[in-house]
1. Determine if segment 733-754 includes at least one residue that is without any contact (Cβ under 8 Å) to a residue 24 or more places away in the chain and more than 18 Å from residue 651 (Cα to Cα).
2. Return yes or no: is residue 617 charged (D, E, K, R) and in contact with a Pro (Cβ under 8 Å, 6 or more places away or on another chain)?
3. So residue 736 ticks every box in (1) surrounded by 14 or more Cβ atoms within 10 Å (Cβ to Cβ); (2) over 35 Å from the mean Cα position of the chain (by Cα) but one. Which box is left unticked?
4. Which residues, taken from segment 627-674, are within 22 Å of residue 713 (Cβ to Cβ) and acidic (Asp, Glu)?
5. Quick one: residue 703 ticks every box in (1) surrounded by fewer than 16 Cβ atoms within 10 Å (Cβ to Cβ); (2) modelled with pLDDT under 90; (3) not aliphatic (A, V, I, L, M) except a single one, so which number is it?
6. For segment 644-658, does any single residue satisfy the condition of being exposed (fewer than 11 other Cβ atoms within 10 Å of the Cβ) and out of contact with any Cys (no Cβ under 7 Å at 6 or more places or on another chain)?
7. Using the structure shown, decide if residue 723 is over 17 Å from residue 648 (Cα atoms) and out of contact with any Pro (no Cβ under 7 Å at 6 or more places or on another chain).
8. Mind checking which pairs have a first residue in segment 294-305 that is over 17 Å from residue 316 (Cβ atoms) and a second that is among the aliphatic types (A, V, I, L, M), Cβ under 7 Å, 6 or more apart or different chains?
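The values are calculated or read from the model by the stated rules, or taken from the named source; none is laboratory data. Here the structure is a predicted model, which means the values were calculated and not measured. Here the Cβ positions follow ideal geometry from the backbone for every residue, glycine too, while neighbour counts run over all protein chains shown.
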Amino acid sequence: MATYVNDLRLKEIATGDESGTWGTSTNTNLELIGEALGFGTEAITTNADTHTTTVADGSTDPGRAMYLKYTGTLDSACTITIAPNTISRMQFIENGTSGSQNIIISQGSGANITIPPGDVKAVYLDGAGSGAAVVDAFASLNTVDLKVQDDLTVTDDASIGGDATVTGTLGVSGLLTANANVTLAGTTPTLTIGDAGAEDTKIVFDGNAQDFYIALDDSADDLLVGLGSTVGTTPAIAIDENLLTTLHGGLTLVGTTPTLTIGDAGAEDTKIVFDGNAQDFYIGLDDSADDLLIGLGSTVGTTPAISIDENLNATFAGVIQPPSANAIDLGVNGAEFRSLYLDTSLIASNELTIATGTNLVVDAASTIKLDAGGGEVQFKDDGTEIGVISMASSNMNIESKVADKDIIFKGIDGSSDVTSLTLDMSDAGAATFGSRIIVGSNTVMSSTNAVQFMGGSTQSFGDTGAIGIAGGTGFHITGSATGDMCFAPKGGNAFLIGTSNSGSGPSLRMKVDEDGHFMLGGATSMDANSSLLSLTINSNNKNCGIFISDGNNANRFGPAIRCGSDDNSGTNTMLTFQDGNGDGIGTITSSGGTVTYGAFTAHHEVNVPDADNPSDDSDAYAYGTLVEVVSVYLTDTNKRGSIRYTVQKSQTANSKKVLGAYCSNMGPNPMVPTTGTYANNLHMISISGDGHILCNNSGGNISVGDGICTSSTAGIGAKATDNPSMIVGIAQEDVTFSGSETKLVPVQFGVQQFTPWS
């Protein structure tokens, strides 16, 4: 009886069988043998996870082919079982499926072979029955000469005991071990490590005690040279994509003339950067200035500490500080500094100390200058302050700093030491002169303790206690009894100052009469009702006058101004205001019982938010800026009418809180408080009368008579268009806008509800 137990599943004819048909069976077997030596394809069901290839008994079957290609579309790996599990043979199997999935060749419960998509593997089936295994036939391929004319891809270890010549591309995805030399021949030989994927690639030098590597750190895109065999561990040299080379260890230049050149002579800044933990430093060439710089940071030119120019001049931006107990030698033997400038603000503790064991000599061919920005020169004896020369309010002060010790002026008279002046600090500075006092050529205080006034005749204040006054009834300064200035009594208790003691005439300048009336002027006859009186008080930086009628009484009145016609006819000027040049800027007049304020603008004192209040006397806001009420308070809670406002820039369009327009800062001013919540915070705003408001075009062009309200831009006004509107003033001039600019618009101030003109 015929069987099919051989590895090709050919029909084995039993002895005596197939009489008359033996030739047909034999031909079939020969065809199947030819099939086994050929090529076959077998399709896998779409997306199948398993597949069985059964070599048919005695009939055509592609699974029998020596080269078997599997086709079809897969969405996951597919396990292919080749049956029966007793077949023992070798095959070339190709994964020709689509879908980028592996196929797994199996025969029994033994080992399997995985074939990636597009790959071909030579395998043999051991036919061991249920435990059959599939083995990679070339897993331990040993060849004397291997010639690869195209790409060679090694996915596992490759061990080459001799020379390997590759004329195409050698791709190794596993470990390539060469026990001999590797030579890349040709005009442009290239060794490529990696396949452009996201992985670290490396060459490892396997040392006896220490390994080294050259590798690509793919995450950082850096080429590294370092210790060990793992990329990124203990790097020594790193090169990034900008060709920036980082040395993690030291750099040693050896040889007789080692040279490190930075730059290529082009127009660029070159530098060495020291990358510190909290602070970077650099040494660099500032190419535009041709200066060598040492400074802070990593950018040449930022915060330089030392600058050396082409003439070898060195400029220090900071302090030159010697080590403790050491000195800075400023030059000797003809190499001294021509000039030395010391800025003590850059010196530790802001003090410059010059200590010497002997004398300190300052020798100048011209002037020796002491310039103390603090306005004080101190004199000390072994650390104890004994005197000061200082400046206060532009005055020069000479001060002894030892309690009750004198200031003494000494000199040499001929060959004798003399004390010319002693100021006794234990007696409030009482002055003792060693000789007479001479003022000009006329006034002498002699050693006899007499004061002599020397002119036409000598009058003196002497030892007897008597006071001699020349010129009759007055005390005269300079000249005779009718001289340049006279202080004289007149009648009763009157007191006169003038150039005459007569009490009348154009020489009279000031008079205090018997009733206590104080009069200034140049009147022919000066009395309390004089029409020719004038008073000028000139004061700089202070109030020219303060009028006080003190006491808590409603009948205590302030100043009264009486002028003009008795019946108040015509225009009577009660008060005139002038600027610092004397130009008239305003008046208060009366006529027919009506008081008129000329060039009138009413103001109010306000405070601004701390964030807007300047530290100096500059304005908080631009002139004409609209402000609105934030809060109201009383300057004195016990007094009515002492209202003051805290304001800010207007915040919304058509604000009902608008108060006025910013005018100026009031400081310094006696009204400005120097302590308390609103210290040094007092400003002036315009609320009535003439003035200006900063406006934009958000309400359109402005015509005379239009109301001005707040706009949506903080502090800026606009033409009122809402009905009604809260306005702060009425425009007095046509204003046309060309764009989004702001303009000062003349207005008559007055906060009110307003119906815009239709």
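1. There is at least one residue in segment 733-754 that is without any contact (Cβ under 8 Å) to a residue 24 or more places away in the chain and more than 18 Å from residue 651 (Cα to Cα).
2. It is true that residue 617 is charged (D, E, K, R) and in contact with a Pro (Cβ under 8 Å, 6 or more places away or on another chain).
3. Condition not satisfied by residue 736: (1).
4. Scanning segment 627-674 gives a single hit, 628.
5. With respect to (1) surrounded by fewer than 16 Cβ atoms within 10 Å (Cβ to Cβ); (2) modelled with pLDDT under 90; (3) not aliphatic (A, V, I, L, M), residue 703 is out only on (2).
6. No.
7. no
8. 298/273; 300/293
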